[in-house]
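For reference, the structure discussed in these notes is given below.
The values are calculated or read from the model by the stated rules, or taken from the named source; none is laboratory data. Remember, predicted model here, so these are calculated numbers, not experimental data. Backbone-built Cβ (ideal geometry, glycine too); neighbour counts: all protein chains shown.
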Amino acid sequence: MTEKPLRILHFSDIHINIQIRHMHWKKWFSKRAVGAINLLRGRSKYFDDAEIKMEAMVRFKEENDIDLVINTGDYTALGLEQELVIARELMDPMMYPPQNYVTVPGNHDIYVHEGDSHYRFSRLFCSVLQNDLPEYCRGGHWPLVRLVGDNAAIIALNSARPNLLPWKSDGTIPDEQLEAFEEILKDERLAGRFIFVLTHYAPRLANGHNDKKLHGLNNVEAFLQACKPIQSGAILCGHIHKTYRVRTHGVKSEIFCAGSATMEGHEGAWLFELQRDQLEATPIRWDGEKYYLKQ
Ligand SMILES: [Fe+2]
Ligand SMILES: [Fe+2]
């Protein structure tokens, strides 16, 4: 008898903003007026239906027999308390049992530089931040390790940090986390497991190139170097609002970017099925009402 594969839903960058609960203003205006207002609203307008889409994501999760949910951050637009509370509420049905939900914050989740922005994310998402190997923690919850059954493990690295300048949205995995990551990979409790490495920032773009300096992962080469010992694994990220997979020279693990699950016109995510050490990945798309598998 063949075992059931482990089914993983990976999505990212839902970018909840505080206006989504007040969208009824739209019905008081003509289409043209809404268009004009949206011009002034900038990027946030692309995420107006994020709440409806997350309700659909919950249905997708239930209908597709998902064992584990992975979210690679950017839950919010500005990291405001209210936005994080709404995001946490929308994720709630996917967070049971909590060990089957793994996440990292995105740069937008710690956007507001108030000193406690990391703390705010940790406080609201603490139920899903438990660590199976806490002895490797180097600062807060990171790296966060989750052992999944006998076959898989997840290592989540936090690369997000507040950027003081509004035109900067780059990130870094602190050296202490990278050092701990290298040690974790040698831990015999991970031997023979398929390793999913999670971080918010994309190590490579869809074309295999690096992201721009002010938008990318600053220590990307050190990170990819640290991933090289992984014989059987995958690197999962978000931050780039486009769903893609890409390989990079010298690293056996393929890179999967979830893109944004909610950005109008770009909605995407991944479904992974892991059978022993064989990973199958199927893109998920949005048809205006529901998420579906693009076979
Ligand atoms: Fe994002
Ligand atoms: Fe981001």
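Among the residues of segment 151-210, those that are more than 16 Å from ligand 1 (Cβ to nearest atom), among the hydrophobic types (A, V, I, L, M, F, W, C) and out of contact with any helix residue (DSSP H, G or I) (no Cβ under 7 Å at 6 or more places or on another chain) comprise A152, I154, A156, L164, L165, L185, A191, F194, I195, F196. Listed by position, the strands (runs of 3 or more DSSP E) inside segment 198-295 whose residues that are surrounded by fewer than 23 Cβ atoms within 10 Å (Cβ to Cβ) number at least 1 are 244-246, 254-257, 269-275, 278-286, 291-293.
In this structure, does T243 turn out to be within 16 Å of ligand 1 (Cβ to nearest atom) and hydroxyl-bearing (S, T, Y)? When the stated conditions are applied, T243 passes them. Within segment 121-178, being more than 25 Å from I8 (Cα to Cα) and part of a strand (DSSP E or B) holds for one residue alone: G171.
The test for being within 16 Å of ligand 1 (Cβ to nearest atom), over 16 Å from the mean Cα position of the chain (by Cα) and small (G, A, S) does not hold for G250. Among the residues of segment 67-99, those identified as hydrophobic (A, V, I, L, M, F, W, C) and assigned to a loop (DSSP other than H, G, I, E, B) are A77, L78, L80, M95. Across segment 5-20, the qualifying residues are those that are polar (S, T, N, Q) and over 16 Å from the mean Cα position of the chain (by Cα), and the one among them that is nearest to ligand 1 (Cβ to nearest atom) is N17.
Does N107 satisfy the condition of being within 16 Å of ligand 1 (Cβ to nearest atom) and modelled with pLDDT of 95 or more? For N107, the condition - within 16 Å of ligand 1 (Cβ to nearest atom) and modelled with pLDDT of 95 or more - is not met.
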